[in-house]
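Here's the structure we're looking at; comments come further down.
Taken together, the values in this text are just the output of simple stated rules run on the coordinates, not laboratory data. Bear in mind that the values here come from a model prediction, so they are computed numbers and not experimental data. So basically every Cβ, Gly included, is an ideal-geometry build from the backbone, and we count neighbours across all protein chains shown.
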Amino acid sequence: MRISKHKIISVVLCMALLVCALFMLPTSAGAAAGDTIYVRLNNGWSQVYCYMWNSSSDNNATWPGVKMTATSTSGVYTYTLPKNYANIIFNNGYSGGDNQTADLVYTGNGGDGKIYNLQTGTWSQYVEATTPTNPTNSTNPTNPTNPTVPSSGTTVFLKNTAGWSQPKCYMWNSGTDTNAGWPGVNMTHVEDDVWMYSASKTFANCIFNPGGDDGKTGDLNNIQSGYIYNYSTGQWSVYDLSPLQVKSYTAEPAGTIYTDMEVTLSAYAVSTEGGTVSYKFSVNGSVIRDFGTSSSTTWTPTAAGSYTVTFDFMDSVGNENSRNLTLTVSSDAGVTKPIIKKVTPAQDSYVRKGTTTTVDVIAGGGATGTNLLFYKYTIVDPDGQQANTAYYTLNEVYNFVPTKEGTYSITVSVQASDNSVATKTVNVTATSGQIPTDPTTEPTTAPTQPPTQPPTQPPTQPTTQPTTQPTTAPLYHGGDVNGDGEVNIKDATYLQKYLAAFKGYTVSLAQADVDGDGRISIKDVTAIQRYLAELY
């Protein structure tokens, strides 16, 4: 009897312990009401939406979900949950391809101050969400939210895809002019796998390394302040996490510039908040072209010396940015080789079919022998046939009449008396219609056009392979410049880098000649942007 009683008590106690254990089991960190979702908008989208669901009839909103809100931290957007949800899709207001992530399981990933990185497709702890100040010890490095590039010295960034725990940067101009002894100076953690180092003076070369020779990069020469080096690809690019991201700013020719030589200034920036970008170009504080949507202009220096070119950017939602480029202009006095400084009409100009077109050349150099320069003009018509008989003369001006509509190739050859030759080719379009005007007079304030809104007929249920595409009109021609099967902002960026002569970027005429003029130019970048903004 006593034994049975003990058995009953034991059974009761075991059941009680089991019930307590069940109640005390840890629950997964799911999405609860009041949770804040963080996402890092760093993949080229101009906006980000959050779609969450438990089932097809239990979601936070109809597709594409709720538009996330920008924070004071550049590139970081948030959304506060009204209730528990298990699944999530981030998207840019559209469906399919690069417009949305796959179906993500939120439970156990998000919440608890975590942030989703759209570029890497990973969740990580978001320091700013959990602590008011950033830790500074070596195991949890500082995380500046919006790093700035000092106006002096040299600042470089490293995309640390090698996973080094503490990258170092060694800089030098010569064997006795370095930033430190080998292996250099510790870099500062910026965000995710990006690290930063700023030197107080200008250096021309650097090596990134993990603290020694193992895995170090090669000698990186002619480095530019404000650029980031991707360890995996070996490519440099402009680093920017601001709402108005500067992607490139260049001067052409990239080599030696002489007095009276026409210099083409080009820039490209993206508004992550959907604004229309305007550009301003200045040289030594004097405005060459005021704010307008044209992303390039020309400048002709008349005196030798050092010049600071300022590229100012502004978008229609109030964001601003700026970059500087230092150019050295030399005199061509005493230069023996011929130099072509300017050809009119310029590249990508329009001329009228059936009307005389005057080709005017400004050249220099040729300080040898007789000090004479000889000029030859070769005209190729839209059918690829040479349209003239080319031979050298002393004439700096040449006239021809385009008889066909389409692109004419004009090659100018300038020869010095020692038989050295310089050549330059420009392509112009002959038309019998209205000739587009060059927008030299543009608004001095940013356009007020609102950002493009997402489509109003979205899918009603998330899928990992959606088929609905944005309902925009087709491009004139091509557009998938990087060959990933989609036409998006990545193609505009890729083409801009190709035009800026970044190493490793190749394009085909079939996909890059978006405006159909037979040539690849900055106009094709603009055509892609206009397509994405649904302006066609």
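Net length available on complete extension from ASN419 to THR36 is 130.7 nm, with 0.36 nm assigned per residue and the Cα-Cα distance removed. Cross-link check: pairs LYS497/LYS523; LYS67/LYS159; LYS67/LYS490; LYS404/LYS523 evaluated at a Cα-Cα cut-off of 25 Å; pairs beyond the cut-off: LYS67/LYS159. Placing unit charges on the Cβ atoms of the charged side chains and taking the dipole of segment 154-238 about its Cα centre, the candidate lying farthest along the positive direction among MET196, THR176, GLN235 is THR176. Here LYS376 is the anchor, and the lysines within straight C-alpha reach of less than 21 Å, apart from those fewer than 8 places off in the same chain, are LYS337, LYS341, LYS342, LYS424. Placing unit charges on the Cβ atoms only, positive for Lys and Arg and negative for Asp and Glu, gives segment 164-215 a dipole magnitude near 260 debye about its Cα centre.
Would you mind working out the magnitude of the charge dipole of segment 36-130 relative to its Cα centre, with +1 at each Lys and Arg C-beta and -1 at each Asp and Glu C-beta, to the nearest 20 Debye? Mind dumping the intermediate values first?
Values: 4 positive and 5 negative charges, 24 e Å.
That gives a dipole near 120 debye.
Protection proxy ranking for 364-370, 249-255, 172-178, using the average of other Cβ atoms within 10 Å per residue and placing the highest first: 364-370, 249-255, 172-178. Electrostatic tally near GLU320: other residues with Cβ closer than 11 Å to its Cβ, Lys and Arg +1, Asp and Glu -1, net -1. Given R0 = 30 Å, the distance between the Cβ atoms of THR217 and ASP360 translates into a calculated FRET efficiency of 0.05. Compactness of segment 244-330, taken as the C-alpha radius of gyration over 2.2 N^0.38 Å, stands at 1.10. What FRET efficiency would be calculated for the residue pair THR107, THR161, taking the C-beta separation as r and a Förster radius of 25 Å, to the nearest 0.05? Computed FRET efficiency for THR107 and THR161 comes out at 0.30.
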